[in-house]
Amino acid sequence: QFLFVVTFSTFLLCCVDYDVLFATRPLNHSHVPERAKVTLPDAVLPAPQCASRLRGSGWLLFLLVLAGTVWLCRLVTALRRLVGYWEIRSFYIRALGIPAEELCNHSWQSVQARLLALQRRQPLCVPRRELTELDIHHRILRFRNYTVAMVNKSLLPVRFHLPLLGPVVFLTRGLQFNLELLLFRGPAALFQNTWSLRPQVKRAGARRALARGLARAAVLLGVANLALCPCVLGWRLLLAFFSYAEGLKRAPGSLGARRWSLYARHYLRHFNELGHELQARLGRGHAPATKYMDSFSSPLLAVLARHVGFFAGSVLAVLIVLTVYDEDVLTVQHILTAITLLGLVVTVARSFIPDEHAVWCPEQLLQRVLAHVHYLPEHWQGRAGRAETRAEMAQLFQYKAVFILEELLSPLVTPLILIFAFPPRALDIVDFFRNFTVEVAGVGDICSFAQLDVRHHGNPQWLSEGHTEAPPERQAEHGKTELSLMRFALSNPRWRPPPPARRFLGHLQAQVTRDAATAPPARHLLAEGPLAASLLSEDS
């Protein structure tokens, strides 16, 4: 894809005669009449002329050399990954006894069970006689658990308060790549390899020196991003155009669809939750989240959309009738452009007009969202119909157009975050890695939150009162420790949790049993009248 985009863009810049393509000058005055049909090959320049135009542009040659270097690096990375994938395939076939053609018939739990049995027969991890399901997840999700914990404790510079815009969340794939390079994978990272921190990170006396080094590395990385900004921005624009232009023409409303933001995928993620598990959970929450966001409408915007849609649709209808009556109308300059743009305006205007027969209950819809995503701010309770709640929800469940815009702005904003916003937090981040890291034999250094220890990281407000000894600064926010423990225990029923976690789960099960015993039957609720029936119906 990278090679195609670079080659095709170079071809469009150097090898196309746009005067011939746009018919601004005749193709050949002596042999071809002025109104003769022009074919695509007529607009393509000969190879020698194309090469001369390419050699005459120094900037273009420099960009092509830079693109070739990037492509070679990506090729080497892809080959290294391919070798790793081949080793994984061989491990599945020889060690786990799962042929490639039968892999689709196995769940992750069955693969994990075979891996644990293999450890007992032929130790893969020498320091440990037996591995647990939690150990496997720790090794797979080591860096991801740290990132989820730092988002939970609001350490990463991704939330800002801007004038005129108010609270803003900005986390893109480019910013995430740079943060991972700083903390986990780069030459100045806090991790010295894929399983252990640098020894000085664990010493309190070296915290300030480490923080200064981390801040300096962030500034240097930001300057490098700033130097490469024009190239990266150009690449982002080209990739966005080639990726979304055809889809926008075919389905203009696709940009109005919503998706979970990258920040939401960290904010809503449990500790020790694998990627496919998170994707399935957020996928189940997509439909109720869409209904909740669609329950808000602006009467003024709806009136404007109806009028704009009426005016644009009227002109579009006339143009369509004229083209049906006489196809020569299509030869009029810019007529196809006008039809396309008017169709786009009509589609966008319709998306702002609410269904007049729809009846929404925001509180119930938000509860359905919570049933799948598990994490919503406490101050949203009882305020589901407020515009402030919707604005905060939009930071988690954003328009696809907003996602594309953020990715396009990322080459400009990411250097500023690395240079100005990250260094003031460097000391807190170094302290976090020192205070919330534990070393597990056979596993390495892991985030202590990922141990699901309610005694050291539990929150008394989340049914762990009497089970936790954690001070407020060591408690996970929003009950993430307790909810992660419940999810992991349900997903891995053979896992034997430690005694504090076992007591918490037993206390929780007893509480749920008592709540279920004292709750009134559903038929009594439905018998209270049409209001309850309306609130509990599937359609609402």
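Results, tabulated for the structure shown:
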{"item": "Qualifying residue in the stretch 386-408 (condition: open to solvent by less than 60 Å² (accessible area, probe 1.4 Å) and not in a helix (DSSP H, G or I))", "result": "yes"}
{"item": "Filter pass, Phe177 being open to solvent by 80 Å² or more (accessible area, probe 1.4 Å) and assigned to a helix (DSSP H, G or I)", "result": "yes"}
{"item": "Residues satisfying the stated conditions in the stretch 157-205, i.e. of a type in the set (Lys, Arg) and more than 19 Å from Leu226 (Cβ to Cβ)", "result": "Arg159, Arg185, Arg198, Lys202, Arg203"}
{"item": "Selected residue (criterion: surrounded by the most Cβ atoms within 10 Å (Cβ to Cβ)) from residues of the stretch 470-510 that are outside any helix (DSSP H, G or I) and among the polar types (S, T, N, Q)", "result": "Gln475"}
{"item": "Residue in the stretch 75-93 that is open to solvent by less than 60 Å² (accessible area, probe 1.4 Å) and within 24 Å of Ser491 (Cα to Cα) present", "result": "yes"}
{"item": "Residue within the stretch 278-288 that is within 22 Å of Ala387 (Cβ to Cβ) and open to solvent by less than 40 Å² (accessible area, probe 1.4 Å) present", "result": "yes"}
{"item": "Failed item in (1) surrounded by 14 or more Cβ atoms within 10 Å (Cβ to Cβ); (2) among the aliphatic types (A, V, I, L, M); (3) at pLDDT below 95, with Leu164 passing the rest", "result": "(1)"}
{"item": "Failed item, numbered, when Val443 is tested on (1) without any contact (Cβ under 8 Å) to a residue 40 or more places away in the chain; (2) within 30 Å of Pro499 (Cβ to Cβ)", "result": "(1)"}
{"item": "Flag if Leu226 is open to solvent by 80 Å² or more (accessible area, probe 1.4 Å), under 30 Å from Trp59 (Cβ atoms), in a helix (DSSP H, G or I) and in contact (Cβ under 8 Å) with a residue 60 or more places away in the chain", "result": "yes"}
{"item": "Any hit, the stretch 242-256, residues being within 23 Å of Leu182 (Cα to Cα) and either touching a Gly at 6+ places or on another chain (Cβ under 7 Å) or open to solvent by less than 70 Å² (accessible area, probe 1.4 Å) (or both)", "result": "no"}
{"item": "The stretch 322-375, subset open to solvent by 80 Å² or more (accessible area, probe 1.4 Å), touching a residue at least 40 places away in the same chain (Cβ under 8 Å) and outside any helix (DSSP H, G or I), residue nearest to Leu268 (Cα to Cα)", "result": "Trp360"}
{"item": "Residue in the stretch 105-135 that is least open to solvent (accessible area, probe 1.4 Å), counting only those that are of a type in the set (D, E, K, R) and touching an Asp or Glu at 6+ places or on another chain (Cβ under 8 Å)", "result": "Arg128"}
{"item": "So Pro157, is it touching a Lys or Arg at 6+ places or on another chain (Cβ under 7 Å) and either in a loop (DSSP other than H, G, I, E, B) or open to solvent by 20 Å² or more (accessible area, probe 1.4 Å) (or both)", "result": "yes"}
{"item": "Cross-chain or 6+ apart pairs with Cβ under 6 Å, the stretch 267-287 first and among the aromatic types (Phe, Trp, Tyr), then part of a helix (DSSP H, G or I) and surrounded by 17 or more Cβ atoms within 10 Å (Cβ to Cβ)", "result": "Tyr267/Val151; Phe271/Asn145; Phe271/Phe449; Phe271/Ala450; Phe271/Ser484"}
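The values are calculated or read from the model by the stated rules, or taken from the named source; none is laboratory data. Just so it is clear, the model here is predicted, and its values are computed rather than measured. Positions of Cβ are backbone-derived with ideal geometry, glycine not excepted, and every protein chain shown enters the neighbour counts. Each accessible area value is taken on the protein alone, full model and side chains, heavy atoms only, with ligands, DNA and RNA left out. Shrake-Rupley method; radii C 1.70, N 1.55, O 1.52, S 1.80 Å.
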